[in-house]
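A.B. asks: If you scroll down you'll find the structure; I have some questions about it.
The values are calculated or read from the model by the stated rules, or taken from the named source; none is laboratory data. Owing to the predicted nature of the structure, the values given are computational and were not obtained by experimental measurement. Every residue, glycine among them, receives a Cβ derived from its backbone with ideal geometry; neighbour counts consider all protein chains shown.
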Amino acid sequence: MTQDEKRKFAELMSGCAASYRQEIDQATTKIFWGMLEGYALEDVQQAVTKHLRASKFFPTIAEIIEHIPNANAHEHIGADEAWIIAKTAMNPNSSVCATDEILQAFDTVQAVYNHRDENPARMAFREAYNRIVKASGIKPRWFMSVGEDKAQAEAVALKAVQLGRLPAGAADKYRIEAPTTTVTKLIEGYVSKTTADIRQDAMAGIKLSLVSSTKKPREKITLTDDQYEEQPWYLKETNQKPLGKQCR
């Protein structure tokens, strides 16, 4: 929840208390806020509603959390699962949904990581990760680290949304749209031409056909006297006789 939602949260807790004919003071409301601040207001509202339907008593903080879907997403994951994410992030093509603590722990052991014998690095990572998580004292902040293979990102983000690590709709920004060019669109593009464009294309095609079908006149060849006399009679009309030569 955000600071702007404090008032709505206080009204929610006050209404819940009134349903049990009780009152809740500001000090108690403040404690509830501090323990539930890391959850979405909508999830807390739904959890309180579920409790109202199922119990005759005012809810405790733990009872509200039990009704929040994927409530464990707001807690740090175990060191072994964190190691798998960190190791996957080593591949430049891979996309992962990680936390600052996971990447920080891996940075401390990256120098000793060897894919042929990863056990020393894994043991060192477990120790570093548990130490960092314990010292942080805050809820995990999940975020996407996208690799070079962009096609993987959407599937990773969708999984993170299902686990409650990313908000709903977070995977949409990683979706890669497939090409949508179809025969119908090609036809629509042709139909969109104006009548003048179609007429111009048709005239250009006709001119090209006329030019290619026109026969070039046969060139006359100037011959020597001997060549002129030796050629067949039917070629003498097309070939040019030598200068000064008289036709018979």
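A.B. asks: Can you find, within segment 74-98, the residue that is modelled with the highest pLDDT among those that are closer than 30 Å to Val48 by Cα and surrounded by fewer than 20 Cβ atoms within 10 Å (Cβ to Cβ)?
C.D. replies: Once the filter is applied, the top-ranked residue is Gly78.
A.B. asks: Of the residues in segment 154-169, how many are farther than 15 Å from Ser95 by Cβ and among the small types (Gly, Ala, Ser)?
C.D. replies: 3
A.B. asks: I need the full set of residues from segment 129-157 which are of a type in the set (Asp, Glu) and part of a helix (DSSP H, G or I), in order please.
C.D. replies: Glu154, the sole residue that qualifies.
A.B. asks: Quick check: anything in segment 51-65 assigned to a loop (DSSP other than H, G, I, E, B) and outside the structural domain of Ile31 (by TED's automatic domain parsing)?
C.D. replies: No, there is no match, as no residue in segment 51-65 is assigned to a loop (DSSP other than H, G, I, E, B) and outside the structural domain of Ile31 (by TED's automatic domain parsing).
A.B. asks: Now for a separate question. Among (1) over 22 Å from Gln152 (Cα atoms); (2) assigned by TED's automatic domain parsing to the domain that holds Trp142, there is one condition Ala89 misses while meeting the rest; what is its number?
C.D. replies: Of (1) over 22 Å from Gln152 (Cα atoms); (2) assigned by TED's automatic domain parsing to the domain that holds Trp142, only one is false for Ala89: (1).
A.B. asks: Which numbered condition trips up Gln104, out of (1) in the same structural domain as Phe125 (by TED's automatic domain parsing); (2) within 24 Å of Ile132 (Cα to Cα); (3) not in a helix (DSSP H, G or I)?
C.D. replies: (3)
A.B. asks: For the structure I just gave you, tell me whether Met13 is in a helix (DSSP H, G or I) and at pLDDT 95 or above.
C.D. replies: yes
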